[in-house]
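Heads up: the structure comes next, in structure tokens.
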């Protein structure tokens, strides 16, 4: 094999091995987090701060994104269904699309871009400034102090944010469809009841929980092992957002195969 052909293959192989190793290290970090969650000392103040960072801090962007997603989806659905006089299906179609796919995925992407990047930057700065090393010297486990509260906060708050996204998106689509486009309100609501089941609500919350764990673990891992000063922290933050976004799409596909 010529050297010109060999080099890109080797580069691709090294990149694949590096990515597989990272996934393994993230799984190890998640296991360590689960162990340290049940071990004292317990720090409720740190946990509440993580809830505020992940959940409360993302409420506005989730509501804003949910409203315009619902408006666009309703408008496009009305135009499409008008071609064969089936505008009565708009309510159910919008609700199913929001609950099953768009709600959890877009919520996860918004949180990854806002909160995940902030987590990576914060922990990465602590790493390059040797604050994490100082914690270990003072017998404070960094996984328990930095990672565990954030993972639990993601597990709890992102399903709630997903449900909020779905709610405001459906309300926005109702307002546009009924008050502007002239869809019958009774039919709109009835089709939502016909199309959306309680299992769909459970599934959307489950997706949100899985995305929450993935986002927080990836963000903490990238920051935890950042190096190279300010430039390294910036690269870790970029990598965190990209990796989280890819993970959300992959996990969404896998869960969709098993849930429906």
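None of the figures in this text is laboratory data; all of them are computed from the coordinates on show. Note that this is a predicted model, so its numbers are computed, not measured. Cβ coordinates were reconstructed from backbone atoms using ideal geometry, including for glycine residues, and neighbour counts include every protein chain displayed.
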- So if we plug the beta-carbon distance of residue 48 and residue 194 into 1/(1 + (r/R0)^6) with R0 = 35 Å, what FRET efficiency do we get, rounded to 0.05? 0.30
- Message: Roughly how far apart, in whole Å, are the Cα centres of the stretch 53-117 and the stretch 177-217?
- Response: 9 Å
- Message: Can you compute the modelled spin-label distance between residue 130 and residue 34, with each label point 7 Å from Cα toward Cβ, in nm?
- Response: 3.6 nm
- Note on the structure: If 100, 14 are placed from fewest to most neighbouring beta carbons inside 10 Å, the sequence is 14, 100
- From fewest to most C-beta neighbours within 10 Å, the residues 36, 260 line up as 260, 36
- Item | Three-way shape call for the stretch 1-109 based on the alpha-carbon gyration tensor, with the a/c threshold at 1.5 | oblate
- the chain: calculated mean residue ellipticity at 222 nm from DSSP helix runs of at least 4, using -39500 (n - 2.57): -26500 deg cm²/dmol
- Multiply the residue separation of residue 16 and residue 255 by 0.36 nm, subtract the distance between their alpha-carbon atoms, and state the gained length in nm to one decimal. 83.7 nm
- Task: Starting from the coordinates of the alpha-carbon atoms of the stretch 76-121, obtain the Kirkwood hydrodynamic radius over all distinct pairs and give the value in Å to one decimal.
- Result: 12.5 Å
- Output ordering of 234-244, 80-90 (per-residue mean of other Cβ within 10 Å, highest first) is 234-244, 80-90
- Based on the alpha-carbon gyration tensor of the chain and its eigenvalue square roots a ≥ b ≥ c, which shape applies: rounded if a/c is under 1.5, prolate if not and a/b is larger than b/c, or oblate? prolate
- Taking Cα pairs closer than 8 Å and at least 6 residues apart, the relative contact order of the stretch 44-259 in percent is 36 percent
- Among 167, 188, 258, 64, rank each residue by its count of other Cβ atoms within 10 Å, from fewest to most, as a rough exposure measure. 258, 64, 167, 188
- With a/c under 1.5 counting as rounded, go ahead and sort the stretch 167-215 into rounded, prolate or oblate using the C-alpha gyration tensor (a ≥ b ≥ c being the square roots of the eigenvalues; past the cut-off, prolate if a/b is larger than b/c, else oblate). oblate
- Message: Suppose R0 equals 45 Å. What FRET efficiency, 1/(1 + (r/R0)^6) with r the Cβ-Cβ distance, do residue 145 and residue 7 give to the nearest 0.05?
- Response: 0.55
